[in-house]
Amino acid sequence: MSKLKDKLNNKIEAHRPRIKKLLSDHGETVVTDVTVQQIIGGMRGIKSLVTDISYLDPYEGIRYRGFTLEEVFNQLPKPPNAKMPYVEGLFYLLLTGDIPTQDEVNELIYDCVNRRQLPKYVYEVIDAFPNNSHPMVILSAAVMSMQRESIFNLKYQRGLNKLDYWESTYEDALNLISKMPVISAYIYNKLYSKRTGIYQDPTLDFGGNFAYMMGMDSPYDEVSRMYFILHADHEGGNVSAHTGHLIASSLSDVYYATSGMINGLAGPLHGLANQEVLRWIQDLRSKMGDKVPSEEIMKKFVWDTLEGGQVVPGFGHAVLRKTDPRYQIQREFCLENFPDDDLFKYVDMLYRIVPPILQEQGKAKNPWPNVDAQSGVVQWYYGVTQYDFYTVLFSIGRALGVLSNIIWDRALGFPLERPKSITTDMLEQIVGIK
Ligand SMILES: CC(C)(COP(=O)(O)OP(=O)(O)OC[C@H]1O[C@@H](n2cnc3c(N)ncnc32)[C@H](O)[C@@H]1OP(=O)(O)O)[C@@H](O)C(=O)NCCC(=O)NCCS
């Protein structure tokens, strides 16, 4: 057993009695009341899931295992001369709750490098797609095609003790996390690049090897590390995390669950918003020629979008009630590295003018920018201008959190998820209309 798996085993043993006690001694304690608005309105704010991987405070933003993003970026070990930490270190933190030492990260990197090799048929699945397919469709299918590799599924068929579910799920999760960047880079090269095939470098970490496979020079390795870490988790209720958890709750393996979470992420109100932001800005940019618009033109563009019954992509959030710290970190990165870039000037102007417009319109509960308003411009600046690929990048990052959650779901024996639905008649009876 690897040292990480051994450590996880001890943490799981220590955690199991906490859940057991909560259920046996406090199972009937009321946590929250539920309103009609919440039932009809997408279950907003109903506390009905448990995860220790991350927590999202509406005013502070995300904490991974209790650490703010600033603390995560400062405290996790980094490659030599790098500003951004190892992605593997973040995964270690999400799994265990501990900031790893350099040696602990090295051991995990070594383990992951040995899991990167893709079965040949995965390349064939990807190659079979027409080049005008959306990359998220190809990613989802490629992940799904690997279900036959599931160790959990194999062991389950042979008869597996409940207490051991997490162990083979851990193996599946590490295999999949190590392979997703390879799948994604291969999709990128197939769809957009003239390069044939991709090359890996086993001496490089997750972010470094991803940049290498994409054919991108430094600092794209740093950009990748930052991107994957920022997108890793956003507590349990968002569409991708929740979908992954829900599917896995039926004991479907991580290949089914991750393919499903990718499908949820592909919606424009969730992960695809990063693509939508760029598509929307490029629409105005093409009308403007090479010029950056005046604030008046930009305001009209935003109002036209709203009056057309569309959302302004990259703004608003179901939980956050302030500017997303993931936005802020990327904004600071842009200000440090390319403050005079034209596309950044668009994003910067939107940062100033959109919130007052959304406030004036008076509908959005949160007028402030989210992660997706800023992530695309960073990718664009460093050469990934094919914006329909951006949600694939999001998927790689999000898999780190979703898979950490699924390992813990299995370890703590969380049951099949099965909320109760009622009819409109019943709701009307409850409120006294009928
Ligand atoms: C993220 C999002 C889906 C959250 O939805 P929500 O929790 O229902 O948000 P709210 O409660 O604030 O929505 C209230 C109203 O404001 C609207 N609204 C919210 N954000 C908006 C935005 N960015 N632009 C225009 N209208 C917006 C909603 O569409 C809703 O309108 P309706 O009453 O006509 O249905 C929403 O803010 C949105 O669509 N944002 C743009 C897409 C995006 O950036 N998604 C990525 C999120 S990380």
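The values are calculated or read from the model by the stated rules, or taken from the named source; none is laboratory data. On a predicted model such as this, the values are computed, not experimentally measured, just so you know. Please note: Cβ atoms are built from the backbone with ideal geometry, for glycine as well, and neighbour counts cover all protein chains shown.
The residues of segment 157-180 that are buried (at least 16 other Cβ atoms within 10 Å of the Cβ) and over 30 Å from Leu204 (Cβ atoms), listed by number, are Leu160, Tyr165. When you look at Val30, is it surrounded by fewer than 11 Cβ atoms within 10 Å (Cβ to Cβ) and aliphatic (A, V, I, L, M), yes or no? When the stated conditions are applied, Val30 passes them. Restricting segment 239-288 to residues that are outside any helix (DSSP H, G or I) and over 12 Å from the mean Cα position of the chain (by Cα) leaves a set whose member that is nearest to the ligand (Cβ to nearest atom) is Leu269. Taking the listed residues Ile183, Ile151, the one that is within 30 Å of Lys7 (Cα to Cα), β-branched (Val, Ile, Thr) and crowded, with 21+ Cβ neighbours inside 10 Å is Ile183, with no other qualifying.
Considering only residues that are part of a helix (DSSP H, G or I), within 25 Å of Asn9 (Cα to Cα) and of a type in the set (A, V, I, L, M), which ones fall in segment 138-179? Within segment 138-179, Ile151, Leu154, Leu163, Ala173, Leu174, Leu176, Ile177 qualify. A single entry from Tyr55, Tyr92, Tyr64, Tyr110 fulfils the requirement of being among the aromatic types (Phe, Trp, Tyr) and more than 20 Å from the chain's Cα centre (by Cα): Tyr110.
Output the number of the condition that Tyr327 fails; it satisfies all remaining conditions of (1) aromatic (Phe, Trp, Tyr); (2) in the same structural domain as Val239 (by TED's automatic domain parsing); (3) crowded, with 21+ Cβ neighbours inside 10 Å. Of everything listed in (1) aromatic (Phe, Trp, Tyr); (2) in the same structural domain as Val239 (by TED's automatic domain parsing); (3) crowded, with 21+ Cβ neighbours inside 10 Å, Tyr327 misses just condition (2).
For segment 50-94, filtered to residues that are touching a residue at least 40 places away in the same chain (Cβ under 8 Å), of a type in the set (Phe, Trp, Tyr) and outside any helix (DSSP H, G or I), the residue that is nearest to Gly401 (Cα to Cα) is Tyr64.
The set of residues in segment 197-237 being within 16 Å of the ligand (Cβ to nearest atom) and surrounded by 21 or more Cβ atoms within 10 Å (Cβ to Cβ) consists of Tyr227, Leu230, His231, Ala232, Asp233, His234, Gly236. State whether one or more residues within segment 85-97 are surrounded by fewer than 19 Cβ atoms within 10 Å (Cβ to Cβ), acidic (Asp, Glu) and outside the structural domain of Thr243 (by TED's automatic domain parsing). So far as segment 85-97 goes, no, none of its residues is surrounded by fewer than 19 Cβ atoms within 10 Å (Cβ to Cβ), acidic (Asp, Glu) and outside the structural domain of Thr243 (by TED's automatic domain parsing). For the condition within 16 Å of the ligand (Cβ to nearest atom) and either touching a residue at least 24 places away in the same chain (Cβ under 8 Å) or out of contact with any Pro (no Cβ under 6 Å at 6 or more places or on another chain) (or both), Val384 does not qualify.
Could you tell me whether any residue of segment 362-370 is near the ligand (Cβ under 10 Å from one of its atoms) and touching a strand residue (DSSP E or B) at 6+ places or on another chain (Cβ under 6 Å)? Yes: segment 362-370 contains one or more residues that are near the ligand (Cβ under 10 Å from one of its atoms) and touching a strand residue (DSSP E or B) at 6+ places or on another chain (Cβ under 6 Å).
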